[in-house]
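Bear in mind that the values in this text are calculations on the coordinates, not laboratory data. These numbers come from a predicted model, not from an experiment. Neighbour counts are summed over all protein chains in view; Cβ atoms, including those assigned to glycine, are modelled from backbone coordinates with ideal geometry.
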Amino acid sequence: MTTAFGKPVAGDDALAMRRVTTIGECMVELAPEQQAGLFQQGFAGDTFNTLWYLKSLRPDWTARYFTRVGDDAISAQMLEMMVNAGIDVDHIARDPLRSVGLYLISLNQGERSFTYWRNQSAARQLGADRAALERAVEGMDLIYLSGITLGILDDAGRATLLNVLRQARAAGATIAFDSNLRVRLWPSEDAMCAATMQAAAVSDIVLPSYDDEADFFGDADPQGTIDRYLRAGAGSVIVKNGAGSVHYNHFGASGVVIPKVQSEIVDTTSAGDSFNAGFFAELGRSGDVEASIRLACEVAHQVIARRGALVPLDLGKLSLGASV
């Protein structure tokens, strides 16, 4: 037996091309330039960022994004950017009545904060068409979503999404979830926490950040976070902790990985998103959880040394295993 994203599979399946769908919202990004008052326009969003970095790391893999966009010029530019990055956009619907959201990054000594304009984003309707969701995830090895994906949906859309994920998991897909707790998207903290645990219950891999988990769930330490998500039904929990140690329990194997010290921090935007990409890139190749965490840390370190959510990676400086 060998593994595909940590789940036991037959040997032949481990040599197949990896097929990944991520689900969520991509937005217009305005990132500050070095000169005060100037901003660079780009496109980003947590689940899209992970897919973009994953495609950079594993260009031979199938990378599909599922969302909704508008039928306007800026939406067309977004789709063109995705296609140019090698991402499959065939399942992205166009909404004639809505457009894409926008956010602006503010930086203070490398730490970022965001201002959003997303209430009328087309992505808020991505759970409205169950058949489209089912087509987007059919035959996928890995399906990835986040707490932000959950937070932009209404109750009906969220229930549809979780039902489709439950169905895909039963069919053999690995479901991965980053809790990415953003209380401003929710009517209350209780609603956010309840939905987070519902998503964890249909997920194989959960990738939380300890500081958020401590704030909203009261976890005393990373092990408390691991235990809570394991009880919910996840098989693997990888707890990010800023620059600190990464604690994990991966299908029964547990441990701690201490990342190298990162001396240059310019912009922490997409730190967790790129970590997740590095983790999936190695896990889908080798199934080695500690090697996957180490690569994830290396990728995140490169990303936070540059401005913006999506930055080119220096692949030659990463301990990146051979493609399969």
Pick from 52, 117, 186: which is most flexible by mean-square fluctuation in a GNM of the chain where alpha carbon atoms under 10 Å apart are linked?
-> 117
Pairs of alpha carbons in the chain whose separation is greater than 37 Å (percent) | 8
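Normalised by the number of residues in segment 88-243, what is the relative contact order in percent for Cα pairs under 8 Å and 6+ residues apart?
16
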In segment 180-238, what is the volume of the convex hull around the alpha carbon atoms, normalised per residue and reported in Å³?
-> 70
Do you know the relative contact order of the chain, to the nearest whole percent, from alpha carbon pairs under 8 angstrom that are 6+ apart?
-> 17
Near the amide H of residue 64, under 5 Å away, which other amide H atoms are found, from residues 5 or more places off or on another chain, if H is placed in the peptide plane?
-> 20, 21, 22, 88
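What FRET efficiency would be calculated for the residue pair residue 227, residue 170, taking the C-beta separation as r and a Förster radius of 22 Å, to the nearest 0.05?
0.30
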Can you tell me how much longer the chain between residue 71 and residue 94 gets when fully stretched, taken as 0.36 nm per residue apart minus their C-alpha distance, in nm with one decimal?
-> 7.7 nm
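Under the rule of -39500 (n - 2.57) per DSSP H run of 4 or more residues, summed and divided by the residues of the chain, what mean residue ellipticity at 222 nm is obtained, to the nearest 500 deg cm²/dmol? Show your work: numbers first, answer last.
Details: 10 runs with 117 residues, N = 324.
Calculated at 222 nm, the ellipticity per residue is -11000 deg cm²/dmol.
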How far, in nm, would the chain grow between residue 39 and residue 258 when pulled straight, counting 0.36 nm per residue and subtracting the alpha carbon separation?
-> 75.3 nm
Note, ³J(HN,Hα) from phi for segment 250-258, Karplus 6.51, -1.76, 1.60, rounded to Hz, x at Gly and Pro = 10, 6, x, 8, 10, x, 9, 10, 9
